[in-house]
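Derivation of every value follows stated rules applied to the coordinates shown; laboratory data play no part. Fair warning: this is a prediction, and the values are worked out from it, not measured in the lab. Heads up, the Cβs are rebuilt from the backbone with ideal geometry, glycines too, and the neighbour counts pull from every protein chain shown.
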There are 2 protein chains.
Amino acid sequence: MTKQVNDSPEAADLRRADSLAREIFSDVANKWALLIIEALGERTLRFSELREEVEGISHKMLTQNLRMLERNGLAERTVHPTVPPRVEYTLTQPGRDLRETVDRMCEWTHRHFSHIEDSRQRFDA
Amino acid sequence: MTKQVNDSPEAADLRRADSLAREIFSDVANKWALLIIEALGERTLRFSELREEVEGISHKMLTQNLRMLERNGLAERTVHPTVPPRVEYTLTQPGRDLRETVDRMCEWTHRHFSHIEDSRQRFDA
DNA sequence: CCGGATCCTTGCCGATACTG
DNA sequence: CAGTATCGGCAAGGATCCGG
């Protein structure tokens, strides 16, 4: 029933890769994920420290995004079996690679700060 | 009434800049905006061409994000007063600068493709 | 061909409460 | 301290129509 004509295994692979790429992009290209990655940097931070570091993020969004980053292998989670529990997060190598590009985005923001501010004022008039 | 103690004009400026930076980040760090920027590249595309280029975007999201990019001075909109109307979009220089970093993000995705795929499978088990 | 406006659905996100 | 579960409000996003 769902059989498709003009379809090769290679084409199917390409579609799979495409949809995965899109999925990764959707995961990563969101405000909170990028801010968390930026906050982590080269450091190792606890959950509560991250919560303070990432201005305005809620408990829920933080856990949610941390799970997502862990799932994609961008961040690592280590639980120290003490009481009270101590959970630490750090970027993996791929995560640190991604951080490089996030850094560039931040630089970009600052470099074009006044251009953007001006453009907005003109547009809003 | 709303006067704050321990507040200098400099501190106020910093807070303004911070919130603006965050705002720009929120605008730009979203899936559709980045995909549009990537699709535009060095080219000039019509609305309808963009709609085909950016797989799965709706009419509404496209206009919405194009307005946003225009407002921030990242894209330029030119209307040719023909009938039927012809509207073209192209990246400004700041927009092309940002595109560089988006390109890097795409490269990153492909470079770590298998790592991510593997990590996901392990995590989902 | 483009884009604004409207209606309606979906799912994001915050708040809260409860476990280990 | 860290994480999960649940609920509810509200904004994001899709479908459609109309107007330039």
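What translational D, rounded to a whole number of µm²/s, comes out for region B:49-120 from Stokes-Einstein when the hydrodynamic radius is the Kirkwood one over Cα pairs, at 25 °C and 0.890 mPa s?
Reported coefficient: 169 µm²/s.
Summary value for region B:1-95: 26 percent relative contact order, contacts being C-alpha pairs under 8 angstrom separated by 6+ residues. Charge tally around B:Glu42: other residues with Cβ under 12 Å, Lys/Arg +1 each, Asp/Glu -1 each, net 0.
Peptides A:89-100, B:113-124, A:59-70 ordered by packing proxy, namely the average of other Cβ atoms within 10 Å per residue, highest first: A:89-100, A:59-70, B:113-124. Between identical copies, the spacing of A:Arg120 label points, each set 7 Å from Cα toward the C-beta atom, reads 3.5 nm from nearest to farthest.
What translational diffusion coefficient, in µm²/s and rounded to a whole number, does the Stokes-Einstein relation yield for chain B at 4 °C and a viscosity of 1.567 mPa s, taking the hydrodynamic radius as the Kirkwood radius over Cα pairs?
Stokes-Einstein gives a translational diffusion coefficient of 75 µm²/s.
With label points set 7 Å from Cα along Cα→Cβ, the inter-copy distances at A:Arg46 are 6.0 nm, sorted shortest first. Kindly provide the helix-only [θ] at 222 nm of chain B, computed as the sum of -39,500 (n - 2.57) over DSSP H runs of four or more divided by all residues, to the nearest 500 deg cm²/dmol? -20500 deg cm²/dmol, from helical runs alone. The GNM of chain B, with springs linking C-alpha atoms under 10 angstrom apart, assigns the highest mean-square fluctuation among B:Ala12, B:Ala75, B:Ala33 to B:Ala12.
For the peptide B:108-117, the mean number of other protein chain Cβ atoms found within 10 angstrom of a residue's Cβ is 6. Work from the charge dipole of chain B (Cβ charges, +1 for Lys and Arg, -1 for Asp and Glu, about the Cα centre) and give the residue of B:Asn30, B:Pro85, B:Ala125 farthest towards its positive end. Final value for the positive-end residue is B:Pro85. Taking every residue in B:80-90 and counting other chain Cβ atoms within 10 Å of its Cβ, the average works out to 0.
Could you calculate the FRET efficiency of B:Ala11 with B:Thr44 from 1/(1 + (r/R0)^6), where r is the beta carbon distance between them and R0 is 51 Å, rounded to 0.05?
Values: r = 44 Å, r/R0 = 0.86.
About 0.70, to the nearest 0.05.
Determine Rg/Rh for the protein assembly as shown; Rg is computed over alpha-carbon atoms and Rh is the Kirkwood hydrodynamic estimate from the same atoms.
Details: Rg = 21.0 Å, Rh = 20.5 Å.
My calculation puts Rg/Rh at 1.03.
If I take R0 = 51 Å and measure r between the Cβ atoms of A:Glu107 and A:Thr82 in this structure, what FRET efficiency does the formula 1/(1 + (r/R0)^6) give, to the nearest 0.05?
On the way: r = 39 Å, r/R0 = 0.76.
For A:Glu107 and A:Thr82, the calculated efficiency is 0.85.
A label point on B:His80, set 7 Å along the Cα-to-Cβ line, lies at 6.5 nm from each of its counterparts in the other copies, closest listed first.
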